[in-house]
Ligand SMILES: Cc1cc2nc3c(=O)[nH]c(=O)nc-3n(C[C@H](O)[C@H](O)[C@H](O)COP(=O)(O)OP(=O)(O)OC[C@H]3O[C@@H](n4cnc5c(N)ncnc54)[C@H](O)[C@@H]3O)c2cc1C
């Protein structure tokens, strides 16, 4: 039986990067706001940094098993907890590059999104999250990367993070127990709640309830801690902001029969990881991940440091397994090459229930070219930095030991079937802009054909930002929230 629970002015679905900004701005403006979050609220001091298996169970959607299917399958993960993926990400922070914004304007007629339009929103987010450079000496894995970039003469830069007081505990992906990383659960959400926002956790929104061009409310399944069961409730709202992330926002919309340009344009940054072995001790898994990115080949190709634990090392090395290699774990560090992703994908609600969303993505030929070039460049850099061997996540590929082995991939192409790819950056499943032939929502996230339904998360980015996306998601979300408030007043 469905009960009628609360009625709220604004309902926000999802408490991640997009949902938290939206909630805070609305609550501070005196709006009656309720956030429904499917995941649980965790105490970082007891529930975070518990190791990969336990963290995946608590903090990740489907325990971290969300393959993106296609001719080249890709491992993908996202958060399902209070704070969403910001609880398990590395906190790297970028502003959306000018060129990207100009392209979005040209391709999607995206309004109000110039560098100047977004600057105050980036300023605000950066202040809220104390975004900045590390205040500690670089870890060895970062130093080495800098050395390699210098040797190659390539531009590289330490990327600011939403974790300026990082204690180098190497727990980004398992939840930062020190509280240095400013995930939403310790940054914006407490402020939103203090300002009056209601956060209901363990609340899985199943369906949006429609009436004409309006969403009148949602049906959500709620944890009932007293009985230990779940119950279905209906929550009515005047306005609904869907901020359930790049995969679940389109899945929920499509489940609710809202399909216009929804879930048809999944974009990702495909990522190829490598493990490099050095003659000296690196202790990468006892330290923060490498903080530098090489921008020389941007926007198509970026390189940087990957989260590295014994488990991640084993996974990366498993493509060409030789157990003895792990003996050198202390001398190893993980790095990646990521490409902008020119292929296209799809999100569809699963037929096996709400937790079986199907993700598809086909690598474009250009992606394979860029990944091959990127592997060549990254290997050159690591060899120049002193690596003795580079082990790419490419099945059947012997380790790269010489410059000649490395540059081979500038001309040859890695066979698709041999690529072991992952990604943690997904977006563009409900693109915003004024182009009705391409966009699911207008430039400020209002869904086409609806008068009170909005998207305000990574799904709205019209195309790949070409950089780590959290900054773009948050700045756009704030811009849209203030635009909404303006329109109401
Ligand atoms: C491992 C990892 C590392 C990353 N590293 C970086 C990085 O260093 N820098 C960077 O810029 N980006 C990084 N990202 C990406 C970044 O975290 C995301 O782009 C960003 O968090 C997306 O924000 P969002 O609001 O769209 O979704 P999320 O932050 O994922 O929030 C969505 C929320 O909605 C909830 N939800 C979903 N469906 C429902 C439903 N039906 N009902 C109720 N609630 C629901 C989810 O549980 C989740 O809490 C990383 C991501 C991952 C996974």
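Read the figures in this text as sums done on the coordinates, not as results from a lab. All of these numbers come straight from a predicted model, not from anything done at the bench. A quick note on method: Cβ atoms are made from the backbone with ideal geometry, for glycine too, and the neighbour counts reach across all protein chains shown.
Per-structure values
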quantity: Convex hull projection area averaged over all views, segment 351-434, Cα basis, nm²; calculated: 8.8 nm²
quantity: Helix axis angle, 98-108 relative to the chain longest principal axis, alpha carbon, degrees; calculated: 50 degrees
quantity: Order of 422, 86 - criterion: other Cβ atoms within 10 Å of each residue's Cβ, fewest first; calculated: 422, 86
quantity: Between 0 and 90°, nearest 10: helix 470-488 axis offset from the chain longest Cα axis; calculated: 20 degrees
quantity: Spatial separation of Cα centroids for segment 22-90 and segment 384-433, in angstrom; calculated: 28 Å
quantity: Helix 17-28 axis, angle to the chain major axis (alpha carbon atoms, nearest 10°); calculated: 40 degrees
quantity: Inter-label distance for residue 413 and residue 135, nm, one decimal - labels placed 7 Å from Cα along Cα-to-Cβ; calculated: 5.0 nm
quantity: Förster radius 30 Å - calculated FRET efficiency between residue 127 and residue 216, Cβ distance, rounded to 0.05; calculated: 0.20
quantity: Fully extended contour minus Cα-Cα distance, from residue 102 to residue 193, at 0.36 nm per residue; calculated: 29.1 nm
quantity: Estimated FRET transfer efficiency (residue 236, residue 402; beta-carbon r; R0 56 Å; 0.05); calculated: 0.25
quantity: Residue 259 versus residue 281: modelled label distance in nm, points set 7 Å from Cα along the beta carbon direction; calculated: 6.0 nm
quantity: √(5λ) per eigenvalue of the Cα gyration tensor, segment 239-350, largest first, Å; calculated: 37, 16, 13
quantity: Neighbour-count ranking [beta-carbon atoms within 10 angstrom, fewest first] of 460, 56, 271; calculated: 56, 271, 460
quantity: Where Rh is the Kirkwood radius over Cα pairs, Rg/Rh for the chain; calculated: 0.97
quantity: Residues 143, 78 arranged by fewest to most Cβ contacts within 10 Å; calculated: 143, 78
quantity: Fraction of beta bridges assigned by DSSP in the chain that are antiparallel (%, nearest 5); calculated: 65 percent
quantity: Ranked packing of 28-38, 237-247, most packed first, by mean Cβ within 10 Å; calculated: 237-247, 28-38
quantity: Stretch gain in nm, segment residue 65-residue 40, where the contour uses 0.36 nm per residue and the Cα spacing is subtracted; calculated: 7.2 nm
quantity: Inter-site label distance for residue 57 and residue 351 at 7 Å from Cα along Cβ, in nm; calculated: 3.2 nm
quantity: Angstrom value of the Kirkwood radius, inverse mean 1/r, which spans all Cα pairs in segment 143-234; calculated: 18.0 Å
quantity: Size descriptor, Kirkwood hydrodynamic radius, that averages inverse alpha-carbon separations across segment 349-489, Å; calculated: 18.4 Å
quantity: Alpha carbon convex hull of segment 1-119, volume per residue in cubic angstrom; calculated: 222 Å³
quantity: Expected 222 nm ellipticity per residue - DSSP helices of 4 or more, -39500 (n - 2.57), all of the chain, to 500; calculated: -8500 deg cm²/dmol
quantity: Taking the chain and dividing mean pair separation by its residue count, relative contact order in percent (alpha carbons under 8 Å, at least six apart); calculated: 23 percent
